[in-house]
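Participant: Dropping a structure here in structure tokens format, bear with me for questions.
Just so it is clear, none of the values below were taken in a lab; they were calculated from the coordinates. Everything quoted here is computed from the prediction, not taken from an experiment. Counting neighbours? That spans all protein chains shown, and the Cβs are built from the backbone with ideal geometry, glycine included.
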Amino acid sequence: MARHKRPKLAVWKFASCDGCQLSLLDCEDELLALAGAMEIAHFPEASRAMLPPPYDLSLVEGSITTARDAERIREVRRQSRLLVTIGACATAGGIQALRNFRDVREFTAIVYARPDYIDTLSTSTAIADHVSVDMELRGCPINKHQLLDLLAALLNGHRPNIATHSVCIECKLRGAVCVMVAHGQPCLGPVTQAGCGAICPGCTRGCYGCFGPQDTVNSDSLGRAWLRAGKQPDELRRVFHTFNAGAEPFAQAGSKYDQDNQG
Ligand code: SF4
Ligand code: SF4
């Protein structure tokens, strides 16, 4: 019996920990339905079967940290009708973008016995800094429900319903007590895009900003409030410079409190 032609899905890895690809494999209950609706054409983490391009949809995890990867993402873009970046590495450069604020040779000298073997760029950058991106899913890692919503929307030809409000809204919806008000802890919820369900505030911890800056951030105001509450500048730098350190609003906010790099 002739089989209905399914759109071809490719999943690519650049500099990353694989956690976002695992979020796709973690869709256990939905994975068979997904494999029925889309042809999994290139997904080395899941299958040795590799079908040639073109691909209808490429999901791209990871950031650009080598000259070879900067070439490779252009090849991926040419081979893909739609390209969606998944996770903080792909959308903002990831935790590895901390190198953007220092000399990467300092890090390689500390970590590797033979740093002279390491051939890397001095920065870690988002995929959108290199090629055009059709859509992005934030998070470290991404939320699998957002991923399924995105895939279902693309299959059915409508826009996915990805929230762009702040984590504070999710926090209030789950009825969590505000850790800033109640415990004086720094929390990035007011300036971070929703998507995680406010997991950390729900566990009485400040938001780490895994989903990156929300659309209309006011990091200056948040930083001033923390300073008034007695926080130290270096603590503020560390809060802003984590998984989404490379996202412009967080990069700027963290650098403002970086006393090592003040002139
Ligand atoms: S965004 Fe986080 S979970 Fe995803 S690949 Fe990067 S480090 Fe791993
Ligand atoms: S705990 Fe954080 S996310 Fe929740 S309301 Fe307070 S500032 Fe917002």
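Participant: Provide the FRET efficiency to the nearest 0.05 for the residue 49-residue 25 pair, computing r from the beta carbons and using R0 = 25 Å.
Facilitator: Taking R0 as 25 Å, the efficiency between residue 49 and residue 25 is 0.95.
Participant: Take the alpha carbon atoms of region 4-23, find their center, do the same for region 112-162, and report the distance between the two centers in whole angstrom.
Facilitator: 10 Å
Participant: On the principal axes of its Cα set, how long, how wide and how thick is region 146-217? Give whole Å, largest value first.
Facilitator: 45, 22, 16
Participant: Hey, another quick one. Once Lys and Arg get +1 and Asp and Glu get -1 on their Cβ, which of 243, 166, 217 lies farthest toward the positive end of the dipole of region 152-263?
Facilitator: It is 166, whose Cα lies furthest towards the positive end.
Participant: Another question, if that's okay. What ³J(HN,Hα) values, in whole Hz, does the Karplus curve 6.51 cos²θ - 1.76 cosθ + 1.60 give for region 216-226 when θ = phi - 60°, with x put for Gly and Pro?
Facilitator: 10, 8, 10, 5, 4, 5, 5, x, 5, 5, 5
Participant: Charges on Cβ only, +1 for Lys and Arg, -1 for Asp and Glu, centred on the Cα centroid of the chain; of 108, 189, 145, which one is farthest towards the dipole's positive end?
Facilitator: The listed residue farthest towards the positive side: 145.
Participant: With both partners inside the chain, how many of the DSSP beta bridges are antiparallel, as a percent to the nearest 5?
Facilitator: Of all bridge pairs located within the chain, approximately 25 percent are antiparallel.
Participant: Please give me the summed charge of the neighbours of residue 93: other residues whose Cβ is under 10 Å from its Cβ, Lys and Arg +1, Asp and Glu -1. Present the calculation step by step, with values, prior to reporting the outcome.
Facilitator: Working: positive: 99; negative: 129.
After counting each charged neighbour, the total is 0.
Participant: With only Lys, Arg, Asp and Glu charged, each at its Cβ (+1 for the first two, -1 for the last two), find how big the charge dipole of region 148-250 is about the Cα centre; round to the nearest 20 debye.
Facilitator: Magnitude of the dipole: close to 260 debye.
Participant: Shifting gears a bit: Charges on Cβ only, +1 for Lys and Arg, -1 for Asp and Glu, centred on the Cα centroid of the chain; of 252, 34, 132, which one is farthest towards the dipole's positive end?
Facilitator: 34
Participant: Based only on the alpha carbon positions, what is the Kirkwood hydrodynamic radius of region 209-263, in angstrom?
Facilitator: Computed over Cα pairs of region 209-263, the Kirkwood hydrodynamic radius comes out at 11.2 Å.
Participant: While we're here: Output the antiparallel fraction of DSSP beta bridges having both residues in region 3-133, as a percent to the nearest 5.
Facilitator: Of those bridges, close to 20 percent are antiparallel.
Participant: Related question: Could you tell me which of rounded, prolate or oblate describes region 63-215, using a ≥ b ≥ c as the square roots of the eigenvalues of the alpha-carbon gyration tensor, with rounded for a/c under 1.5 and, failing that, prolate when a/b is larger than b/c and oblate otherwise?
Facilitator: Numbers: a/c = 3.09, a/b = 1.24, b/c = 2.49.
Judged from the Cα gyration tensor, region 63-215 comes out oblate (a/c at least 1.5, b/c at or above a/b).
Participant: What's the Cα-based Rg to Rh of the chain, Rh via Kirkwood?
Facilitator: Expressed as Rg/Rh, it is 1.00.
Participant: If N is the number of residues in region 1-142, what value comes out of its Cα radius of gyration divided by 2.2 N^0.38 Å?
Facilitator: Scaled against compact globular proteins, the figure is 1.14.
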